[in-house]
Amino acid sequence: MFRDRSKMMTPQDDLLDQVIEIKRVTKVVKGGKNFKLSATVVVGDGAGHVGVGHGKAGEVAIAVAKGREQARKSMTNVSFGRTLAHQAGARFSASKVILKPASAGTGLVATLPVKAVLQMCGFKDALTKSLGAHTPYNLAMATIQALKGVRSLEETARLRNKPISYFTERRDASKG
């Protein structure tokens with residue numbers, strides 16, 4: 001039932017990619033039905049750059065290649081670390097994703113599309129909740145939108161004109 005997802009990731013141009021969905025789509029025309037394959041691919045470098053692409057073709061390999069190319073073109077930069085700096089959420093179409101920071105050793109607790117995006121960004125620990133529709137493409141896009149809204153501690157400190165220790169001390173005091 002569970003497959004080893006690491007085999008699905010292939011390095012190319014210092015980028016990792018993961019196929020999160022392959023499905024057969026049908027177009028009904030006057031002469032009958034035309035069948036194609038659709039592939040949704042997540043691409044990232046493990047250092048805060050990630051993109052999602054969608055490709056269609058008559059063969060799986062071509063559909064995946066088209067999706068990979070579209071994902072490379074749509075790559076965006078997100079602030080990252082071991083986990084998220086704070087809770088974030090976003091909505092894309094009918095899908096909603098909530099991302100929460102997690103303690104070290106928790107791992108990525110998420111559905112496949114959300115987990116793939118977080119892995120490609122380089123996150124190690126995070127808790128997530130998926131609400132609404134569970135379409136893989138929509139979940140991946142909602143995750144990227146949520147990650148765009150996450151600010152690093154350094155960025156938050158700079159915007160508020162406070163030292164970073166101001167935020168880390170408050171975190172440590174609330175833990176114990």
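Bear in mind these aren't lab numbers, they're just calculated from the coordinates by the rules spelled out. Computed from a prediction, not measured in an experiment: that's the story for all the values here. Because the Cβ atoms are built from the backbone with ideal geometry, glycine has one as well, and the counts that use them run over all protein chains shown.
So what is the diffusion coefficient of the range 12-51 in µm² per second by Stokes-Einstein at 10 °C and 1.306 mPa s, using a Kirkwood Rh over Cα pairs?
129 µm²/s
Computed from backbone phi, the HN-Hα couplings of the range 37-48 come to 10, 10, 10, 10, 10, 10, 10, x, 10, x, 10, x Hz, rounded to whole numbers (Karplus: 6.51 cos²θ - 1.76 cosθ + 1.60, θ = phi - 60°; Gly and Pro given as x).
The ranking of 69, 169 from fewest to most other beta carbons within 10 Å of each one's beta carbon is 169, 69.
Taking every eigenvalue of the Cα gyration tensor of the range 6-76, multiplying by 5 and rooting it, what semi-axes result, largest first, whole Å? Show your work: numbers first, answer last.
Details: eigenvalues 150, 24, 13 Å².
Working from the Cα gyration tensor, I get semi-axes of 27, 11, 8 Å.
Can you return the lysines within cross-link range of residue 129? Criterion is Cα-Cα under 22 Å, with same-chain partners fewer than 8 residues away left out. Within the straight-line limit of under 22 Å, residue 129 reaches these lysines: 96, 100, 115, 148.
Exposure proxy for 143, 128: other Cβ atoms within 10 Å of each Cβ, ordered fewest to most, give 128, 143.
Counting only the Cα atoms, the chain fills a convex hull of 146 Å³ per residue. Across 41, 78, 109, mean-square fluctuation computed from a Gaussian network of the chain (C-alpha pairs under 10 Å connected) peaks at 109. Working from label points 7 Å from Cα in the Cα-to-Cβ sense, the residue 129 to residue 93 distance is 2.3 nm. Counting every alpha-carbon pair across the range 78-155, the share separated by more than 13 Å comes to 60%.
Distances between placed amide hydrogens fall under 5 Å for residue 76 paired with 50, 51, all partners being 5 or more residues away or on another chain. Which of 14, 45, 125 moves most in a GNM of the chain, Cα contacts under 10 Å? Looking only at 14, 45, 125, the biggest GNM fluctuation is shown by 14. Restricting attention to the range 6-76, the count of lysine pairs at 8 or more positions apart or across chains with alpha carbons under 27 Å apart stands at 22.
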